[in-house]
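All remarks here apply to the structure that follows.
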């Protein structure tokens, strides 16, 4: 569903935002900022859907992919390193569009857009716990919010298995996990919630 929704955003964007792209001979330069790494099934499927949509759009394009590898490297020093890398790497490159996938890339983009890619039209996807205020004052940005109905799913699980008295939500300290945790319905009746413990270092 998310791939289909993202595909719709991309097609609308190229149909309206790029105007006469069909008759232009120059390829449109697109940057895909991926939160994770090559081989991670979740984001690999998004990339597959993205390529398929772009191939059907009739717009000639050059897709540049940046893997942030945030599942394995997500500390502040790495974020600062990526910013320096992109500043140096793309200081002479002008993109026609940017596609941002998942929470880490989205937060990175919000924090550093003005220094890295000011005013470039942007599409995001896979963002959890989205707050519209995050886009206040920003132009040329749209996207697909990931908001599963967790409460409805828990109710359905209870109807299917009424004998279950305890549900355990497992997460970690990643940005995505923390965002999803905020979407989990509050405990009701007799229940308790515990934060995950940090792994020993």
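Each value in this text was obtained by applying a stated rule to the coordinates, not by laboratory testing. A quick note: this is a predicted structure, and the numbers were derived from the prediction, not measured. In this analysis, Cβ positions are derived from the backbone assuming ideal geometry, glycine residues included, and neighbour counts consider all displayed protein chains.
Based on the mean of other beta carbon atoms within 10 Å per residue, what is the order of 76-88, 114-126, most packed first?
114-126, 76-88
Using only the Cα atoms of segment 72-119, what semi-axes does the equivalent ellipsoid have when each is the square root of 5 times a gyration tensor eigenvalue? Give whole Å, largest first. Don't skip to the end; give the middle numbers.
Details: eigenvalues 65, 37, 16 Å².
Here the semi-axes work out to 18, 14, 9 Å.
Let me know the Rg and Dmax you get for segment 27-138 when you use only its Cα atoms, in Å.
That works out to 13.8, 40 Å for Rg and Dmax.
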